[in-house]
Amino acid sequence: MICIETKVKLPFLWGRQAFQKTNWAQINLIVGPNGSGKTLLASELAEQFSAAGHPVEFLRSDRTEQEGHLTKLKEDSEIRRKVEMVLSNMFGKSIRFEERADDSVVPLVADTARNVEYGLRDGECHGLKEILTLLVSLYSSTSGCLILDEPELHLHPQFQLFFMNEIRKVAASDSRRIFFLITHSPFFIDLRFPEDLIGVVVCHSNRAPTHIESLSDEDEAMFCRFLPRFNTYHKQFFFSDNQIFVEGYTDQQLFSNLLGCIENPQDSAGTGIIDVGGKDELGVFFKVCSLLGTDGRIITDLDSLFCGKLRDVVCADSRPARWLEKQHEKQLPFYRSAFTKKEVQQDITLERLIQKLEALLAAVGKSVCETDGSFSAEIRLFVGKVKELHEKHENAGALDTFKTVVLQGVTRLDWKLADILPVPVAATLPLIKNLANLIFAAAEAARVYILPGGCIEHYYKRNKIDYMPVSAKDRLFHTELEYIITAPLRELRTEYPELIHILRRACMKFPV
């Protein structure tokens, strides 16, 4: 960790906000969308690092320094030999640097298979020229701080990964060296250890950059488990505040194809849908976005309310707490009907709301399991599902799927369900519905959007799915996707209004 106090003000970009950071990693990444001030921030940091005794070399994106780097090859034969060797191995061609009578250095490429030699500038791609400049800059720099603006220019992903590894080698060999990469490429987001997140600075449109100053022991432990699963596809969210995370590929495909159904194109401009591969991973991405100050959004299944990392981190987030505090006076009559007098005197948190909902659902589920008689087909379907889960699991009342099914039944059947329940339990059904809606709204304050119907399959139109859990998901998904990608927008808007509404809400850019 490198401690250098920095403070940057760019009023025309960030208004009265200022960027302040003290703890720096040896390799730092400045990321964010176009026009967010990344290069301007780096220029200000260059001055402050230089003033703090760390000389800075800044390789800008226009690469006007390329000629100077070729001169360095003439002056230092060791660097020239190293660059020749690395480039020759990379491209499978013999590359050498020839000194001319006018004191210039000309890179030449020898193609031994064809027995020809030609100038690098005339006969090779931009990528080879770019990696040449980057390598010379990396190997020749004696400065304390090297800033590289858009090192990915013209580089194949393979070469981007190679160059990032070279930076790591140089950094490991000299702890005094500091690196800044201003990048739009996920291949340079090379996070191997939790402390690497300290080096990430995220720039935003119309507000000051954000970062992580330090990590708690709990966060470090969580990221140690998470980073090995953090792939290049996931890293898109570093470059935009308009990313929506979903649990799996089926959600990703359906929501991506429904983006075009949002009436106002500005609402969804630049939005990407990223599937993270699991419910707990949603919680980790939520935590990363919260720590980095990015406006990450999550669309998740109903059962996320009742277990998992996502529930934990959302309940610990300050935004639902602030929202509930503002709602307290308005919701006080409802709280008095749902909680005891003693409970109302305590803070009503999101966690307590969910716990109350769980208790009420457990009571409804228990009563449903005790019912017996002749019911309508839709009541019989629900009762059968609840009893099936109760018989299959020893402690079904604590099961997230059990609570989800009961909540689905309360929402779908409404007053019809009251006819089969004891009067005191039936009286709690309106409380359950109000509690659920209040919880959904509080979670939305943290940009977490819960599918009230259950999971994505419960919104399918080609097949009717009633309750969780859902079987044969893959077959159902492909049938639904085939319809969605061929149906006209007007028809999709009619068929999927609930999903499109949730998606539009998630796409909207709320103030942070």
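The values are calculated or read from the model by the stated rules, or taken from the named source; none is laboratory data. Source: prediction; values computed, not measured. Quick reminder, even Gly has a Cβ in these numbers, built from the backbone with ideal geometry, and neighbours come from all protein chains shown. The area values use the complete protein model at the heavy-atom level, side chains included, leaving out ligands, DNA and RNA. Shrake-Rupley method; radii C 1.70, N 1.55, O 1.52, S 1.80 Å.
Quick notes on this one:
- FRET E, pair Val106, Thr142, Förster distance 35 Å, beta-carbon r, rounded to 0.05: 0.90
- Length added when fully stretched, Tyr233-Asp466, from 0.36 nm per residue minus Cα-Cα: 80.6 nm
- For the chain, the longest principal axis of the Cα atoms and the long axis of helix 126-140 meet at an angle of about 80 degrees.
- For the chain, size of Cβ-based charge dipole, Lys and Arg +1, Asp and Glu -1, in debye: 1180
- Extension gain for His501-Lys473 works out to 7.7 nm (0.36 nm per residue, less the C-alpha to C-alpha distance).
- Taking each residue as 0.36 nm, the span from Met508 to Glu351 lengthens on full extension beyond its C-alpha to C-alpha distance by 53.9 nm.
- Given +1 at the Cβ of Lys and Arg, -1 at the Cβ of Asp and Glu and no other charges, the dipole of segment 222-342 around its Cα centre is 680 debye to the nearest 20.
- Mean separation of Cα contacts under 8 Å (6+ apart) over length of segment 372-509, as relative contact order %: 18
- Its Cα centre serving as origin, segment 325-383 has a Cβ charge dipole (Lys and Arg +1, Asp and Glu -1) of approximately 200 debye.
- Listed pairs Lys330/Lys461; Lys385/Lys464; Lys366/Lys416 exceeding 27 Å between Cα atoms: Lys330/Lys461
- Filtered chymotrypsin sites (Phe, Trp or Tyr not before Pro), segment 124-214: DSSP coil and at most 15 other beta carbons within 10 Å: none
- Relative to the longest principal axis of the Cα atoms of the chain, the long axis of helix 279-292 lies at roughly 50 degrees.
- C-alpha long axis of helix 318-338 to longest principal axis of the chain, angle in °: 0
- Longest DSSP-loop-exposure-free segment, trypsin sites (Lys or Arg not before Pro), the chain, at most 12 other Cβ within 10 Å: 193-463
- Built amide H within the under 5 Å cut-off of Val200, gap 5+: Leu29, Ile212
- Solution diffusion estimate, µm²/s, Stokes-Einstein, the chain, Kirkwood Rh from C-alpha pairs, 37 °C, viscosity 0.692 mPa s: 124
- Residues in segment 384-409 reached by a label modelled at Ala359 [backbone nitrogen below 20 Å; 7 Å Cα→Cβ]: 396-400, 402-404, 406-407
- Counting only protein heavy atoms and a 1.4 Å probe, the chain has 46 square angstrom of accessible area per residue.
- Across segment 163-235, the convex hull enclosing all Cα atoms gives 125 Å³ per residue.
- Label-to-label distance, Phe12 versus Arg192, with points set 7 angstrom from Cα along the beta-carbon direction: 4.1 nm.
- Segment 308-401 shape via C-alpha gyration tensor axes, a/c threshold 1.5: prolate
- Sparse-neighbour loop sites [GluC sites (Glu not before Pro); segment 348-398; at most 13 other C-beta within 10 Å; DSSP]: Glu370, Glu394
- The chymotrypsin sites (Phe, Trp or Tyr not before Pro) of segment 456-512 include none that meets both criteria, a DSSP state outside H, G, I, E and B (loop) and at most 16 other C-beta atoms within 10 angstrom of the site's C-beta.
- Per-pair calculated FRET efficiency, R0 = 56 Å: His393 and Met85 via Cβ, rounded to 0.05: 0.30
- Backbone phi angles across segment 11-16, fed through the Karplus curve with coefficients 6.51, -1.76 and 1.60 (θ = phi - 60°), yield HN-Hα couplings of x, 6, 9, 10, x, 7 Hz in residue order; Gly and Pro are listed as x.
- Averaging the Cα positions of each part gives two centres, and for segment 396-453 and segment 171-231 these lie 40 Å apart.
- Cα gyration tensor shape of segment 380-448, rounded if a/c is under 1.5, else prolate or oblate by comparing a/b with b/c: oblate
- Gyration tensor verdict on segment 414-483 (Cα atoms; rounded if a/c is under 1.5, prolate if a/b is larger than b/c, oblate otherwise): oblate
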